[in-house]
Amino acid sequence: MKKGILFDLDGTLWDSSAECTEAWNEAIRTQTDRPEQFTIDDMHGFMGKTMEVIAALMFPTLPQDEQIRLIKLCTAHEHKYLETHCAALYPNEQAILTELAKDYALGVVSNCQDGYIQLYLRQCGFSELFCDFECAGRTAKSKGQNIRLVMERQGITDCVYVGDTQGDCDAAREAGVPFFHAAYGFGKVDGCDASLSSLADLPAAAERLFAVEGGKE
């Protein structure tokens, strides 16, 4: 039995909402003639969704191809911005994940564009703790499918997915794995196997879950 913990990124492992909001607004302001400017609360509502869904929320009156062109412009500028403006990690994140990596295979699965998880891994300072990552921007698959993909690649037989939104919860259900709600993040969910008030709650919750799962064998 190989145990794994897979994480959503935004609202779970880091909070880049302020940086992304500034970068997207700057791109729209300086590179288009569009009037839209967004708030951090708007960004919280966008995070966790696919780029196509976010683009439709941002520019609902535009044709889809123009929505996609604009969201690609925003995310390209966001990548450049985040290279020099590091997003906030959660308290004691490195120490917590270092301990977890002793017993579990750790990975990241997000609906983000390709390159975004790599930014987190370059900036967090502890990328070696993660064995794998995947995103919709690379595979064009659903988050649930990408969870299963990482599990298969890494030989993970027992897994939990940690995320902060209903979309994360739905993805875990699609993948057939338990779900822990990062309640310190951006969203609410209609059900979970454990609710985490902080990342520090994760080790004990994982230990309880896998003890129960092991007892079922």
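The values are calculated or read from the model by the stated rules, or taken from the named source; none is laboratory data. Given the structure is predicted, the values throughout are model-derived calculations rather than measurements. For neighbour counting, all protein chains shown are included, and Cβ atoms are generated from backbone atoms with ideal geometry for every residue, glycine included. Surface areas here come from the heavy atoms of the whole protein model, side chains and all, with no ligands, DNA or RNA. Shrake-Rupley method; radii C 1.70, N 1.55, O 1.52, S 1.80 Å.
Worth a mention:
- Computed E for Thr61/Ser195 - FRET, C-beta separation, R0 35 angstrom, nearest 0.05: 0.40
- Glu26 paired with Thr39, simple spin-label distance in nm, labels 7 Å along Cα-to-beta-carbon: 2.2 nm
- Normalised Debye scattering of the range 37-158 at q = 0.10, 0.18 Å⁻¹ gives log10 I(q)/I(0) of -0.37, -1.08, counting only Cα atoms as equal scatterers and leaving out solvent.
- Beta bridges by DSSP in the chain, antiparallel share as percent, to the nearest 5: 10 percent
- Sorting the segments 187-196, 157-166, 67-76 by their mean number of nearby beta carbons within 10 angstrom, highest to lowest, gives 157-166, 67-76, 187-196.
- Taking the charge dipole of the range 83-185 about its Cα centre, with +1 at Lys and Arg Cβ atoms and -1 at Asp and Glu Cβ atoms, the residue from Cys112, Val160, Cys131 reaching farthest to the positive side is Cys112.
- Counting only heavy atoms of the protein chains and using a 1.4 Å probe, Ile96 has close to 20 Å² of accessible surface.
- Per residue, the range 108-168 exposes 35 Å² of accessible surface when a 1.4 Å probe is rolled over the protein heavy atoms with every protein chain present.
- Relative to the Cα centre, the charge distribution of the chain, modelled as +1 at Lys and Arg Cβ and -1 at Asp and Glu Cβ, gives a dipole magnitude of about 420 debye.
- Cα-based shape type of the range 10-97, given that a ≥ b ≥ c are square roots of the gyration tensor eigenvalues and the cut on a/c is 1.5: prolate
- Positive dipole terminus of the chain, leading residue within Leu6, Thr30, Leu62 (C-beta point charges): Leu6
- Pairs from Lys72/Lys188; Lys2/Lys188; Lys3/Lys143; Lys2/Lys143; Lys49/Lys141 whose Cα-Cα separation, in the structure shown, is over 24 Å: Lys72/Lys188; Lys2/Lys188
- The spacing between the range 102-134 and the range 71-92, judged by their C-alpha centroids, is 15 Å.
- Over the chain, dividing the summed -39,500 (n - 2.57) contributions of all DSSP H runs of at least 4 residues by the number of residues returns a 222 nm mean residue ellipticity of -15000 deg cm²/dmol.
- Cα-based shape type of the range 138-217, given that a ≥ b ≥ c are square roots of the gyration tensor eigenvalues and the cut on a/c is 1.5: oblate
- With all protein chains in place and a 1.4 Å probe, the accessible surface of the range 83-202 carries 47 percent carbon and sulfur.
- The range 108-152 shape via C-alpha gyration tensor axes, a/c threshold 1.5: oblate
- Per residue accessible area of the range 11-80, 1.4 Å probe, in Å²: 48 Å²
- Between the range 1-31 and the range 33-65, the alpha-carbon center distance in angstrom: 14 Å
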